[in-house]
1. Against the definition (more than 23 Å from residue 107 (Cα to Cα), assigned to a helix (DSSP H, G or I) and open to solvent by 90 Å² or more (accessible area, probe 1.4 Å)), how does residue 17 come out, yes or no?
2. Please work out if residue 97 is surrounded by 14 or more Cβ atoms within 10 Å (Cβ to Cβ) and without any contact (Cβ under 8 Å) to a residue 24 or more places away in the chain.
3. Of all residues being within 23 Å of residue 112 (Cα to Cα) and among the aliphatic types (A, V, I, L, M) in the range 22-66, which is least open to solvent (accessible area, probe 1.4 Å)? Just the residue, please.
4. Check whether at least one residue in the range 72-79 is assigned to a helix (DSSP H, G or I), surrounded by 13 or more Cβ atoms within 10 Å (Cβ to Cβ) and either modelled with pLDDT under 90 or more than 12 Å from the chain's Cα centre (by Cα) (or both), and report yes or no.
5. From (1) within 30 Å of residue 118 (Cα to Cα); (2) surrounded by fewer than 17 Cβ atoms within 10 Å (Cβ to Cβ), pick out the condition that doesn't hold for residue 69.
6. Those residues that are under 16 Å from residue 97 (Cβ atoms) and not hydrophobic (A, V, I, L, M, F, W, C), I need them from the range 56-83; list them, please.
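The values are calculated or read from the model by the stated rules, or taken from the named source; none is laboratory data. Computed from a prediction, not measured in an experiment: that's the story for all the values here. Glycine gets a Cβ as well: all are built from the backbone with ideal geometry, and neighbour counts include every protein chain shown. When the accessible area is computed, the model is the full protein with side chains, heavy atoms only, and any ligands, DNA or RNA have been set aside. Shrake-Rupley method; radii C 1.70, N 1.55, O 1.52, S 1.80 Å.
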Amino acid sequence: MWLFIAFLAVPLIEISLFIQIGGLIGLGWTLVTVIVTAIIGTWLVRTQGMIALSQLRTSFVDARDPTEPLAHGAMILFSGALLLTPGFFTDGIGFLLLIPAIRSSVYRFIRARIEVQAFSTQETQRHEPPGDVIDADYIEIDTPPKNPGKPSGWTKH
């Protein structure tokens with residue numbers, strides 16, 4: 001039901017904002033504003049995305065819970081989609097999601113409502129199938145090729 005309301009409300013809000021802002025600054029400046037916000041938003045999404053990716057890598061290296069950097073990355077991706085959608089309302093939400101403090105607040109809000117069942121950073125141990133174990137010593141021997149001027153037969157010349 002909420003999704004239906006969002007799909008109904010967002011276009012109505014966008015249309016009314018286009019009419020209001022277009023009446024104040026004119027059609028040309030309205031279109032320029034929409035294009036400029038898309039360009040700035042794309043640049044900001046790229047830089048914020050690189051930061052989130054770096055934090056995700058760090059969490060993997062440090063064997064920490066990667067859910068927060070993953071959530072930030074998802075919100076940045078959603079923000080990029082909103083910023084590329086023409087409109088003032090979607091641009092406003094998109095720019096808000098690019099602010100790290102806002103993303104952290106959204107993450108805490110969502111995390112308080114989701115219960116994680118299990119998380120483990122332990123590596124699983126591989127068990128060899130039962131069978132015979134062969135223990136051996138070996139010596140590497142360098143052997144010269146039999147026909148140094150001719151191909152080995154494994155390649156076509």
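1. no
2. yes
3. Checked the range 22-66; the qualifying residue least open to solvent (accessible area, probe 1.4 Å) is 52.
4. No, that holds for no residue.
5. Looking at each condition in turn, residue 69 falls short on (2).
6. The answer is 68, 69, 72, 73, 79, 80.
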